[in-house]
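Comments concern the structure below.
The values are calculated or read from the model by the stated rules, or taken from the named source; none is laboratory data. Quick caveat: nothing in here was measured; it's all calculated off a predicted structure. Because the Cβ atoms are built from the backbone with ideal geometry, glycine has one as well, and the counts that use them run over all protein chains shown. Accessible surface areas use protein heavy atoms only, side chains included; no ligands, DNA or RNA. Shrake-Rupley method; radii C 1.70, N 1.55, O 1.52, S 1.80 Å.
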Amino acid sequence: MRTVAPLALLVFAAVLSGPAPAQAEGPLTIRAMKAYGNPVIVPGKKTKVPVKVAVTGTKITDVDVTLKHAGGKGFALISDLKRVSGTAGDGVWRGTALLDANDWGGRYTIEVAATDGTSKDAYYAFKTAKKTGAVTVRRAAKLNVAVAPRPVTKGAKLRVQGTLRALGAKGAYAALKKQKIEIWFKPKGKKKGTRIAVVTTNSKGRYSRLFTAKKDGTVAARYNGTTVWQKKVTGWKTVDVR
């Protein structure tokens, strides 16, 4: 990626030698920047984050983008974005940032660096701009649910339990503690379920709750995620009351 210092020296030299060429369509302006999607970091793969930038100037020769984690735990660089529409003086540029298991979940700031110049002149203009909280990147999570006993006698106790794990700092799934898990029940023959409890995972990522068995149906668990961890919902498990 281009650095500020060499370009700044070129600008300073041009100012000393005389005015800039009178061919600019307008001052160098980064009009818009955006990162797309709901990226989730998974182990062993690169996570793609598409970005789009709109720039106006004389002749845009280079557009670079970086994504930075707000807490300094993630970074991605996209050098030389490609122009996909418009002109070299007023166009839209696209590229894709790549993150991996070393990058943490959370809100990322997008920073754009654009260079404006021509191949015939020594005059160059350089400008940067940034937008905080441009995209939220999350780390993958896994959630399961189990029901016991199956079948269960009507009026007896039924235990719903499971484990929540997420992609940890060492690049492998690990227990996720102190997270809220919703337990949902859907009566047999019904299309919609009802939330019947909210439980918290322990130090081993486990959650559990006892219920009184009353009627047949299915249960599921839901984790709503955070700005760091991915949202997860389990499938429905049968509750067979006899």
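For segment 144-176, the tally of residues that are under 16 Å from Thr218 (Cβ atoms) and part of a strand (DSSP E or B) stands at 9.
Kindly provide the set of residues from segment 78-92 that are outside any strand (DSSP E or B) and small (Gly, Ala, Ser), ordered by number. First the steps, then the outcome.
First pass over segment 78-92, keeping only residues outside any strand (DSSP E or B): 79-81, 88-89.
Within segment 78-92, Ser79, Ala88, Gly89 qualify.
If you take the residues in segment 199-238 that are among the polar types (S, T, N, Q) and farther than 26 Å from Ala169 by Cβ, which one is nearest to the chain's Cα centre (by Cα)?
Ser208
So in segment 175-213, with the set limited to residues that are aromatic (Phe, Trp, Tyr) and in contact with a Ser or Thr (Cβ under 9 Å, 6 or more places away or on another chain), which one is nearest to Val228 (Cα to Cα)?
This residue is Tyr207.
Could you tell me whether Ala141 is within 30 Å of Lys231 (Cβ to Cβ), aliphatic (A, V, I, L, M) and open to solvent by 30 Å² or more (accessible area, probe 1.4 Å)? Spelling it out, it is not the case that Ala141 is within 30 Å of Lys231 (Cβ to Cβ), aliphatic (A, V, I, L, M) and open to solvent by 30 Å² or more (accessible area, probe 1.4 Å).
Return the residues of segment 184-199 that are surrounded by 12 or more Cβ atoms within 10 Å (Cβ to Cβ), in contact with a Phe, Trp or Tyr (Cβ under 7 Å, 6 or more places away or on another chain) and not hydrophobic (A, V, I, L, M, F, W, C); say none if nothing qualifies. Don't jump to the end; show me each part of the working.
Here is the first cut: in segment 184-199, the ones surrounded by 12 or more Cβ atoms within 10 Å (Cβ to Cβ) are 184-188, 193, 196-199.
Still in the list and also in contact with a Phe, Trp or Tyr (Cβ under 7 Å, 6 or more places away or on another chain): 186, 193, 196, 199.
The answer is Lys186, Gly193.
Cβ separations smaller than 6 Å between residues 6+ apart or across chains give the following pairs from segment 125-139 residues that are touching a residue at least 12 places away in the same chain (Cβ under 8 Å) to residues that are open to solvent by 40 Å² or more (accessible area, probe 1.4 Å) and not in a strand (DSSP E or B): Thr136/Thr227; Arg138/Gln230. For segment 144-173, a tally of residues being surrounded by fewer than 14 Cβ atoms within 10 Å (Cβ to Cβ), under 13 Å from Pro43 (Cα atoms) and not charged (D, E, K, R) returns 3. Within segment 128-166, the residues that satisfy the criterion of being of a type in the set (Lys, Arg) and under 14 Å from Phe211 (Cα atoms) are Arg150, Lys154, Lys157, Arg159. Filtering segment 121-135 to residues that are among the charged types (D, E, K, R) and modelled with pLDDT under 85 leaves only Asp121. The residue that is nearest to Val152 (Cα to Cα), counting only those in segment 214-238 that are small (Gly, Ala, Ser) and in contact with a Ser or Thr (Cβ under 7 Å, 6 or more places away or on another chain), is Ala220. Filtered by the rule that a residue be in contact with a strand residue (DSSP E or B) (Cβ under 7 Å, 6 or more places away or on another chain) and of a type in the set (D, E, K, R), segment 171-191 gives Lys178, Lys180, Glu182, Lys186, Lys188.
Say whether the condition of being open to solvent by 10 Å² or more (accessible area, probe 1.4 Å), under 27 Å from Gly168 (Cα atoms) and either touching an Asp or Glu at 6+ places or on another chain (Cβ under 6 Å) or modelled with pLDDT under 95 (or both) is met by at least one residue in segment 93-101.
The initial filter retains those residues of segment 93-101 that are open to solvent by 10 Å² or more (accessible area, probe 1.4 Å), namely 93-96, 98, 100-101.
So of that shortlist, the ones also under 27 Å from Gly168 (Cα atoms) come out as 96, 98, 100-101.
When the remaining residues are screened for being either touching an Asp or Glu at 6+ places or on another chain (Cβ under 6 Å) or modelled with pLDDT under 95 (or both), the result is none.
Checked segment 93-101: no residue is open to solvent by 10 Å² or more (accessible area, probe 1.4 Å), under 27 Å from Gly168 (Cα atoms) and either touching an Asp or Glu at 6+ places or on another chain (Cβ under 6 Å) or modelled with pLDDT under 95 (or both).
Tallying residues that are open to solvent by 20 Å² or more (accessible area, probe 1.4 Å), over 19 Å from Ala140 (Cβ atoms) and part of a strand (DSSP E or B) within segment 207-234 yields 6. Answer yes or no: is there a residue in segment 107-115 that is assigned to a strand (DSSP E or B), closer than 30 Å to Glu182 by Cβ and open to solvent by less than 60 Å² (accessible area, probe 1.4 Å). Yes. Under the condition of being in contact with a Gly (Cβ under 9 Å, 6 or more places away or on another chain), among the basic types (Lys, Arg) and touching a residue at least 40 places away in the same chain (Cβ under 8 Å), the residues counted in segment 176-206 number 2.
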